[in-house]
Amino acid sequence: MKSRILLCALLLAGGVAAAAPADRFDVAVTADDLPAHGSLPPGMTRVGIAQSYVDTLKAHRVPEAWGFVNAVSLGTEPAGAQALEVWRRAGYPLGNHAYSHMGLSRGAPSLAAWEADVTANEPTLEKYMAGHDWHVLRFPFLDAAGSGERHDGAIAWLKAHGYRIADVTLGFDDWAYTDTYARCVAKGDEAAIAGMKTSYYRRIDQQIARTKAMSQRVYGRMIPQVLLTHMGGWSAVTLPEVMKRLDAAGARYVTLDKVQADAAYRAPSPRAGEGALIERHAQDAGIDLAGLPAVEPVGGLDKLCR
């Protein structure tokens, strides 16, 4: 018995001690920018990236992963349609990320232009999600225009058109590494890639620790999480290690609807959809987040492999 207890205490996943049962928490996995995020590294294909993603998620028994589509990529990526088919054959749903990834405040000249960009995505979703509800939207850049007339108009429009918002609570800035990784692969700079991975995995552990601490301070408990990833080469290559570290931290994979049924996601906010949920609620409620575990900045990626 003693040896069994000791073994359980020493179980490791990705170098991180396995979480105790009391530390388990629900996670819904999502991926933005399907079918193509960022530069394509030499030797990789969009279909291969999608298949790698699916294989990793299935290996970790992820029952559902929403993929949020920018259909403009279908016109520039010959294999984009096949990548979406890989996702759907896995049984994973597709939602709306606006046709051209237009931010509500940063990219849209008007609310009407943003609504048109969202609408332009719908024929693709109807095609690949035939017979299933695809009315889930992730704001590009998590940009819901803050608060005010444009934000409120967008929320009213989405509600009138049957959309639900996919919030975010957890992410590791995977998007920031995508183009640098493609450059480093092209240069064959294995040392740079190894350094990127070491820093990235360390930041993942830091972000998980910070998210747990934030949740406790803001809600008094670890709320269920929505993980944001991106459908790019870097994300596909690193996802197996990301999932190992989430497993070790106590992640238990569930559907987006189950996570967002939690009271934390149903609390009203004048800035619904803006940024990440926990930070947004802290700001709305005037909760100070000082003194929590820090996450080191990404830093220096633009200079690598030039």
Query - Failed condition for Asp174, given (1) open to solvent by 10 Å² or more (accessible area, probe 1.4 Å); (2) touching a His at 6+ places or on another chain (Cβ under 7 Å); (3) of a type in the set (Asp, Glu) - result: (1)
Query - Of all residues in segment 35-49 being of a type in the set (Gly, Ala, Ser) and not in a helix (DSSP H, G or I), the one that is most open to solvent (accessible area, probe 1.4 Å) - result: Gly43
Query raised in the report: Restricting attention to segment 14-34, does a residue exist that is at pLDDT 95 or above, more than 24 Å from Asp257 (Cβ to Cβ) and in a helix (DSSP H, G or I)?
Result: no
Query raised in the report: Where in segment 200-306 are the helices (runs of 4 or more DSSP H), entirely inside, with at least 3 residues that are under 15 Å from the mean Cα position of the chain (by Cα)?
Result: 233-249, 256-260
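So, in segment 20-34, exactly how many residues are open to solvent by 10 Å² or more (accessible area, probe 1.4 Å) and either more than 23 Å from Val118 (Cα to Cα) or of a type in the set (Phe, Trp, Tyr) (or both)?
The number of residues fulfilling the criteria is 6.
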Requested in this report: Under 9 Å between Cβ atoms, at least 6 apart or on separate chains: pull out the pairs that start in segment 232-255 with a residue that is over 10 Å from Val29 (Cβ atoms) and end on any residue that is part of a helix (DSSP H, G or I) and at pLDDT below 95.
Outcome: Ala249/Asp23; Gly250/Pro21; Gly250/Ala22; Gly250/Asp23
Query raised in the report: If you take the residues of segment 273-290 that are open to solvent by less than 30 Å² (accessible area, probe 1.4 Å) and either in contact (Cβ under 8 Å) with a residue 24 or more places away in the chain or polar (S, T, N, Q) (or both), which of them is nearest to Val136 (Cα to Cα)?
Result: Gly273
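The values are calculated or read from the model by the stated rules, or taken from the named source; none is laboratory data. Here the structure is a predicted model, which means the values were calculated and not measured. Cβ: placed from backbone, ideal geometry, glycine included. Neighbour counts: every protein chain shown. Ligands, DNA and RNA are stripped out before the accessible areas are found, and what is left, the full protein with its side chains, is counted by its heavy atoms. Shrake-Rupley method; radii C 1.70, N 1.55, O 1.52, S 1.80 Å.
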